1. Out of all the residues in the range 30-48, is one or more free of Cβ contacts under 8 Å to residues at least 24 places away in the same chain and in a loop (DSSP other than H, G, I, E, B)?
2. Please give the strands (runs of 3 or more DSSP E) falling wholly within the range 354-450 in which 3 or more residues are crowded, with 17+ Cβ neighbours inside 10 Å and touching a helix residue (DSSP H, G or I) at 6+ places or on another chain (Cβ under 9 Å).
3. When you check residue 340 against the structure, is it in a strand (DSSP E or B) and either in the same structural domain as residue 273 (by TED's automatic domain parsing) or crowded, with 21+ Cβ neighbours inside 10 Å (or both), yes or no?
4. List pairs: first residue in the range 185-210 and in contact (Cβ under 8 Å) with a residue 24 or more places away in the chain, second residue in a loop (DSSP other than H, G, I, E, B) and loosely packed, with under 12 Cβ neighbours inside 10 Å anywhere in the structure, Cβ distance under 8 angstrom, at least six positions apart or on different chains.
5. Count, please, the residues in the range 279-308 that happen to be modelled with pLDDT under 95 and touching a helix residue (DSSP H, G or I) at 6+ places or on another chain (Cβ under 7 Å).
6. I need the full set of residues from the range 57-94 which are within 20 Å of residue 35 (Cα to Cα), out of contact with any strand residue (DSSP E or B) (no Cβ under 8 Å at 6 or more places or on another chain) and assigned to a helix (DSSP H, G or I), in order please.
7. Which of the following residues is at pLDDT 95 or above, over 30 Å from residue 212 (Cα atoms) and crowded, with 17+ Cβ neighbours inside 10 Å: 243, 329?
8. Mind listing just one residue for me: the one in the range 136-159 that is modelled with pLDDT of 95 or more and assigned to a loop (DSSP other than H, G, I, E, B) and, of those, surrounded by the fewest Cβ atoms within 10 Å (Cβ to Cβ)?
């Protein structure tokens, strides 16, 4: 349980100053800032850097804090430059399964010429922290590491074992995903009752105030399909009805105009139910209506004008690449397009492929998976074991801010864990401004105060979850 003095101190820090202001740092916050700076200033992008120095830096901090060397692993495929770090904090319970705490430590490439400041230097300016990874997701990795180090320093033994896994390969480009590799080769190191993932479930600020506390319980399956048409070709002065580009264009047009049916999951139904209280007018009414009846076509049509709401309502498929022809004066012998799909939990790539073939309705257009590596994942259940502690700590820090279940339309390492039978929940502690999200972009940044709030929040949240149940 979180003591009243701790809560009182934290709430005082959160509420005493306007957004953006910051009191002198506590020793715990100063340590978190030092970790954050160290991580940001190590280039852990695939092309220009490596995650191994990050993993070693974290390992060294835990060794210095008195964690047994046997409970700290820097690990990766033989010969691979990108390693991960796993730290085990033993709990008092001999029966409760561990909790896994995850974040990735690789980042997207950033060019100095693109940025107004050095992307691999932590810069504090005008109430913001700038640097590659400040929001995706070295801030989250810092909050998790700082929480366990703080528990150790305060002589707090968790009720159940905590496993920290800061991993490589989430952003792609390295040829492997570390979470997938660990599950295949070293599952014993990360096996857990459930996982908390700070790479999703971002709490959001709107108009300068905390707006909602997201809880990510599911994500769509990423699957691309190749649409290919071949023909014998010929001279462009003698066109035929079998033109490969024209047939492909017709097929792509049909797909672009097609909408998969609305289907709500436990997560998305709860999302619309709870989000209605944050909206007004027609949008609020449509959210309540669709949550009660997924067949309400009028409400669905109005909500679908928003790309975000549309993606919550259904599987989506969109053309993203196209190529064809070999000469300006020749009929094309081949035309090819890539259609990228984001598939709802509970639906499969095979089902989506069959539906695309039906929509195209042209046997000359061959629809095949680009990569057969898509993983079907079920939703993580909205159980009291997760909701009760999350809502409790959120009320203590931000009274009145609702917890909103969320389906991620992108992709995180949680997909690998859910596919392996480990329920995973996205619970980032660092508030992002809904109108200023810069992950993967130029001059990536987060609010300084949001970072320190996140340090306190994740510490309290990990302590609450770690009680044996």
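1. no
2. 403-408, 424-426
3. On the way: in a strand (DSSP E or B): yes; either in the same structural domain as residue 273 (by TED's automatic domain parsing) or crowded, with 21+ Cβ neighbours inside 10 Å (or both): yes.
Yes: the conditions hold for residue 340.
4. Qualifying pairs under 8 Å: 206/435.
5. Count: 1.
6. Those that are within 20 Å of residue 35 (Cα to Cα), out of contact with any strand residue (DSSP E or B) (no Cβ under 8 Å at 6 or more places or on another chain) and assigned to a helix (DSSP H, G or I): 57, 60, 61, 64, 69.
7. On inspection, the qualifying residue turns out to be 243.
8. Going through the range 136-159, the residues modelled with pLDDT of 95 or more turn out to be 137-159.
With the extra rule that they be assigned to a loop (DSSP other than H, G, I, E, B), the set shrinks to 137, 154-159.
Values: 137: 29, 154: 11, 155: 6, 156: 15, 157: 11, 158: 22, 159: 17.
Within the range 136-159, the match that is surrounded by the fewest Cβ atoms within 10 Å (Cβ to Cβ) is 155.
The values are calculated or read from the model by the stated rules, or taken from the named source; none is laboratory data. Computed from a prediction, not measured in an experiment: that's the story for all the values here. Every residue, glycine as well, gets a Cβ built from its backbone with ideal geometry; the counts of neighbours run over all protein chains shown.
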